[in-house]
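Below is one structure; the comments refer to it alone.
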């Protein structure tokens, strides 16, 4: 399912550059896109997921920068709507950072939350 509307999340320029760099390293990009979602677990109840994989049935498909497919399952969009994904390069905090307005509690690790 392809969705022509805008992503339910926001991706900063620094995160976009890191995603592009990682995507370019994939040798066979056929049907491969970036999955963004949540899964049960972590110290606060949910953990964020972000990895490259094939689209699964039922996923909403968005196109990032006219190049990279983004897969988000519709049942997970309610937990992600309005989330800002950034990429930090500091010595003490390198990696993707999620600023989620739906989170009612976040863990100190920064990748676990409750909603």
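The values are calculated or read from the model by the stated rules, or taken from the named source; none is laboratory data. All values derive from a computational prediction rather than experimental measurement. Please note: Cβ atoms are built from the backbone with ideal geometry, for glycine as well, and neighbour counts cover all protein chains shown.
Worth pointing out:
- Out of 34, 22, one residue alone is surrounded by 12 or more Cβ atoms within 10 Å (Cβ to Cβ), at pLDDT 90 or above and out of contact with any helix residue (DSSP H, G or I) (no Cβ under 9 Å at 6 or more places or on another chain). It is 22.
- Test: residue in segment 46-62 that is at pLDDT below 85 and surrounded by 14 or more Cβ atoms within 10 Å (Cβ to Cβ): yes
- Residues of segment 63-78 that are surrounded by fewer than 19 Cβ atoms within 10 Å (Cβ to Cβ) and touching a residue at least 12 places away in the same chain (Cβ under 8 Å): 63, 64, 65, 67, 73, 74, 77, 78.
- Checking each residue in segment 71-101 for being under 10 Å from the mean Cα position of the chain (by Cα) and more than 17 Å from residue 16 (Cβ to Cβ) picks out no residue at all.
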